[in-house]
Structures are given as C-alpha cells and as structure tokens.
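Student: The structure that follows is given in the form of structure tokens.
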Amino acid sequence: MGCFFSNRRKAEKESQPEGEGERPKQYSWDQREKVDPKDYMFSGLKDETVGRLPGQVAGQQFLIQDCENCNIYIFDHSATITIDDCTNCVIFLGPVKGSVFFRNCRDCKCTLACQQFRVRDCRKLEVFLCCATQPIIESSTNIKFGCFQWYYPELAFQFKDAALSIFNNTWSNIHDFTPVSGELNWSLLPEDTVVQDHVPLPTTEELKAVRVSTEANRSIVPVSRGQRQKSSDESCLVVLFAGDYTIANARKLIDEMVGKGFFLVQTKEVSMKAEDAQRVFGEKAPDFLPLLNKGPVIALEFNGDGAVEGCQLIVSEIFNGTKMFVSESKETASGDVDSFYNFADIQMGI
C-alpha cells in the first residue's frame, strides 16, 4: 500500500513555480545586529576630546590605543577595556564587567570601575579606582591611586549591568608583581586630593549633557580611606543584612557617621553561610542566621575615637527596626573587623 500523504506532498512540491522553493532556515545568530569594531575603539587620536554616551557601548569590548593629549570619556558599561600606548591622556571609564588593562602608557590620569585592574610597562599614572579584586601593577613606576569618586544619573544602573557592587572596592590594596628593593613603585594620593583637578569634567556640548558630579557625597561608590593610616585605635564594624532598603540604609549610615567626623575605612558586600556567621558574630550568630538566606550582607568599617558608641547611637535613633550588627565595644571592635574582613577577602578571592 502506498503512502497517500507522501504522494500528495511530492505532487505539491512539483507543482510549485520555479524559484519558490523552501525558505532558508533562520538562526538566532543570523538575526543579531552586526557589530562594527570601529564603533568600540579610539585609535591614533591627538589633541581631541572624544567619548561615548550612555547606551552607546552597552556591554561591548572597547580598545583605546595610540592616543596623545586626549580627553576620553566612556559613559557606559563595557565587557573589557584595553588601553595601549597612550600618552598624556585623561580617561574616564564607566563600569567594566571584566578587566581594564593599561600597557605601555605614561602621564595619564584616569577614573574607572572594574572587576580586575592591571598595569604593565607604564609610568606616571594617576588612577581613581573602584576594583572588586586586588589591583595589580607590573614593571611599572610612579603609579598613584585614589578612590573612585564620580556620579551621573545612569551610573548606578550601569554598575548593575556590569555585575559590580559599589561596596566591593579594594582600590588601595595594590599588589606589585615586580617590586624593587628599597623602592615603592606605587603610592596613594593625598586624602584631600580634588578629583576634578586631575580628571576634569568634559567640555564638549555632547558630553556635558551627561550631568557629571565629582562631589564626594554624591559619588556612586562610597569614598573610603582604604590602606591609609588610621587616625584612631578605635574602629567599628557594622553589618547590614539584606532587605528592601539595605543599600539606602548603608549610604545613610555612611553620611551620618562621616558627618560626625568619623572615617569610612572600607566596605564589603558578600554572601555568608551559617559557619561564617558563627566565626564573625560569635554568640550572637543565632540571631542573624535566618537573615542570611535573604541575600548578601553589606559591611562597613568606621574609624575614629568614639566610633563604636557614636555608631550605636545613630543606629538606635535613625534605623530602629532595621536588622544590623554593630560592634559592642571598642575592645571587641578590632576583632570583629579583622574577623569579618579576613573572611570576606577569602570569599572574594583577594
């Protein structure tokens, strides 16, 4: 017995007019918008101010090379950025999901945020940095670091798109792969350094529309002292547990503490397990265990005489009902801080 359906299908196929055969298959990669590498590159420029506005890079890789006396602003998030053979340039880079790599550059001033930061064969760079992992320099000299200090309206969303936390910033914890005995290839910029004096705001009409601010109290990334010498023997650890307003509460607490003359030393956002809580919080750990499943905790270290008492007072007055862990006394605060950040650094792979 023959197959009726197969015979009919064959007849229909033979009856089709010539040139009207089956349409070619469409695959998802055929429908992707074609990317022109030239749109994601600044190369061979001299004495120019150039940039990319929010939405114009959208997570692509970017290359900056062979530029001299240029002001370069990338107001968007990207995948990775490489800067090669640039001289006397001002560079701003929005959040970079992966790495930023400077090679063979000199006399450049930069502000940037990234997951990984590396400098090789460079000299005389000034870098205002937010970096989730330990920054690395290699075969480089006279590299100076400061804390990232920048704001524009789209920047917070770009940090999220780049999967970066504004609280994970190891900007001052530098590792030098090629140290020279008796010399220091890197240093920290003075705490009173004015960012805009080093990385000025753009002056072209197109880039001025981004509405940038370099004021410390508006910076998306909390401005911390990092590895600079502490002003007091007393430090205070505050851990905020995940909730609807955790980030807003952390920023509010920072503003209050800094406004009262205390210093923000470092910050961290990290997930904790039950055994981690036991090690950090000791006998108070059972109170916090149910909160750990809600998301990562945010930890803040403050320094200054009276920091513990001052922080406890602010928390009780302003954050009533918000679940936080605050060092109980200046005698235990140092242990609390060291215990938490040692744990956090291991978790972050620093």
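Student: Condition first: farther than 19 Å from GLU309 by Cα and modelled with pLDDT of 90 or more. Can you find one or more residues in region 236-245 that meet it? Explain how you work it out, then say what you get.
Tutor: First, the residues of region 236-245 that are farther than 19 Å from GLU309 by Cα: 241-245.
Still in the list and also modelled with pLDDT of 90 or more: 241.
Checked region 236-245: at least one residue is farther than 19 Å from GLU309 by Cα and modelled with pLDDT of 90 or more.
Student: Is one or more of the residues making up region 247-262 among the acidic types (Asp, Glu) and free of Cβ contacts under 8 Å to residues at least 12 places away in the same chain?
Tutor: So the first thing to find is which residues in region 247-262 are among the acidic types (Asp, Glu), and the list is 255-256.
Applying the additional criterion that residues be free of Cβ contacts under 8 Å to residues at least 12 places away in the same chain yields none.
Scanning region 247-262 turns up no residue that is among the acidic types (Asp, Glu) and free of Cβ contacts under 8 Å to residues at least 12 places away in the same chain.
Student: Being touching a residue at least 24 places away in the same chain (Cβ under 8 Å) and aliphatic (A, V, I, L, M) is the filter here; which residues of region 282-307 pass it?
Tutor: The initial filter retains those residues of region 282-307 that are touching a residue at least 24 places away in the same chain (Cβ under 8 Å), namely 284, 288, 291-292, 294-307.
Across region 282-307, the qualifying residues are LEU291, LEU292, VAL297, ILE298, ALA299, LEU300, ALA307.
Student: Sticking with this one: Which residues, counting only those in region 195-238, are part of a loop (DSSP other than H, G, I, E, B) and small (Gly, Ala, Ser)? Give the derivation first.
Tutor: At the first step, the residues of region 195-238 found to be part of a loop (DSSP other than H, G, I, E, B) are 199-204, 209-212, 214-215, 219-234.
Those that are part of a loop (DSSP other than H, G, I, E, B) and small (Gly, Ala, Ser): ALA209, SER219, SER224, GLY226, SER231, SER232.
Student: Based on this model, can you work out whether GLN229 counts as of a type in the set (S, T, N, Q) and either without any contact (Cβ under 8 Å) to a residue 24 or more places away in the chain or surrounded by fewer than 19 Cβ atoms within 10 Å (Cβ to Cβ) (or both)? Break it down into steps so the answer makes sense when it comes.
Tutor: Details: of a type in the set (S, T, N, Q): yes; either without any contact (Cβ under 8 Å) to a residue 24 or more places away in the chain or surrounded by fewer than 19 Cβ atoms within 10 Å (Cβ to Cβ) (or both): yes.
Taking the combined requirement at face value, the residue satisfies it.
Student: Next up: Could you tell me how many of the residues in region 73-91 are over 13 Å from LEU63 (Cα atoms) and assigned to a strand (DSSP E or B)?
Tutor: Going through region 73-91, the residues over 13 Å from LEU63 (Cα atoms) turn out to be 75-77, 87-90.
Restricting the remaining residues to those that are assigned to a strand (DSSP E or B) gives 87, 90.
The total comes to 2.
Student: Something else: Pick from region 255-285 the residues that are part of a helix (DSSP H, G or I) and more than 22 Å from ASN342 (Cβ to Cβ): which of them is nearest to the chain's Cα centre (by Cα)? Spell out the reasoning first.
Tutor: Here is the first cut: in region 255-285, the ones part of a helix (DSSP H, G or I) are 255-259, 274-285.
Remaining after also requiring more than 22 Å from ASN342 (Cβ to Cβ): 255-259.
On the way: ASP255: 20, GLU256: 23, MET257: 23, VAL258: 22, GLY259: 24 Å.
This residue is ASP255.
Student: Let me ask something else about it. Does at least one position in region 180-191 carry a residue that is of a type in the set (Asp, Glu), within 22 Å of the chain's Cα centre (by Cα) and assigned to a loop (DSSP other than H, G, I, E, B)? Show your work before the answer.
Tutor: From region 180-191, those of a type in the set (Asp, Glu) are 183, 191; that's our starting set.
Okay, now just the ones that are also within 22 Å of the chain's Cα centre (by Cα), so 191.
Going one step further and asking which of them are assigned to a loop (DSSP other than H, G, I, E, B), we end up with 191.
The answer is yes, given that some residue of region 180-191 is of a type in the set (Asp, Glu), within 22 Å of the chain's Cα centre (by Cα) and assigned to a loop (DSSP other than H, G, I, E, B).
Student: Can you run down the residue pairs with Cβ atoms below 9 Å, 6 or more apart or on separate chains, where the first is in region 70-85 and at positive phi and the partner is of a type in the set (Gly, Ala, Ser)?
Tutor: Going by the 9 Å Cβ cut-off, there are no qualifying pairs.
Student: Given the conditions (1) under 22 Å from ASP76 (Cβ atoms); (2) of a type in the set (S, T, N, Q); (3) surrounded by fewer than 16 Cβ atoms within 10 Å (Cβ to Cβ), which single one is not true for SER187?
Tutor: In the conditions (1) under 22 Å from ASP76 (Cβ atoms); (2) of a type in the set (S, T, N, Q); (3) surrounded by fewer than 16 Cβ atoms within 10 Å (Cβ to Cβ), SER187 misses (1) alone.
Student: Does region 94-111 hold any residues that are in contact (Cβ under 8 Å) with a residue 24 or more places away in the chain and either more than 16 Å from TRP186 (Cβ to Cβ) or surrounded by fewer than 20 Cβ atoms within 10 Å (Cβ to Cβ) (or both), and which are they?
Tutor: GLY94, PRO95, VAL96, LYS97, THR111
Student: Does at least one position in region 255-266 carry a residue that is modelled with pLDDT under 85, β-branched (Val, Ile, Thr) and either in contact with a Lys or Arg (Cβ under 6 Å, 6 or more places away or on another chain) or surrounded by 21 or more Cβ atoms within 10 Å (Cβ to Cβ) (or both)? Give the steps one after another, and end with the answer.
Tutor: Of region 255-266, the ones modelled with pLDDT under 85 are none.
No, every residue in region 255-266 fails to be modelled with pLDDT under 85, β-branched (Val, Ile, Thr) and either in contact with a Lys or Arg (Cβ under 6 Å, 6 or more places away or on another chain) or surrounded by 21 or more Cβ atoms within 10 Å (Cβ to Cβ) (or both).
Student: Tell me, please, whether a residue that is at pLDDT 90 or above and either of a type in the set (Lys, Arg) or not in a helix (DSSP H, G or I) (or both) can be found in region 325-332.
Tutor: Looking only at region 325-332, we keep the residues that are at pLDDT 90 or above, and these are none.
No.
Student: Which one of these does GLN115 not meet: (1) touching a strand residue (DSSP E or B) at 6+ places or on another chain (Cβ under 7 Å); (2) under 20 Å from ARG225 (Cα atoms); (3) in a loop (DSSP other than H, G, I, E, B)?
Tutor: Condition not satisfied by GLN115: (3).
Student: Do we have any residue at all in region 279-298 that's closer than 23 Å to GLN312 by Cβ, in contact with a Leu (Cβ under 6 Å, 6 or more places away or on another chain), surrounded by 13 or more Cβ atoms within 10 Å (Cβ to Cβ) and not acidic (Asp, Glu)?
Tutor: Yes: one or more hits.
A quick yes/no check of all residues on (1) within 28 Å of the chain's Cα centre (by Cα); (2) part of a helix (DSSP H, G or I); (3) in the same structural domain as VAL280 (by TED's automatic domain parsing); (4) at pLDDT 85 or above:
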| site | (1), (2), (3), (4) |
| --- | --- |
| ASP305 | no, no, yes, yes |
| GLU309 | no, yes, yes, yes |
| VAL315 | yes, yes, yes, yes |
| THR322 | yes, no, yes, no |
| SER334 | yes, yes, yes, no |
| ASP338 | yes, yes, yes, no |
| TYR341 | yes, yes, yes, no |
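The values are calculated or read from the model by the stated rules, or taken from the named source; none is laboratory data. Keep in mind that what you see is a predicted model, and the values were worked out from it rather than measured. Because the Cβ atoms are built from the backbone with ideal geometry, glycine has one as well, and the counts that use them run over all protein chains shown.
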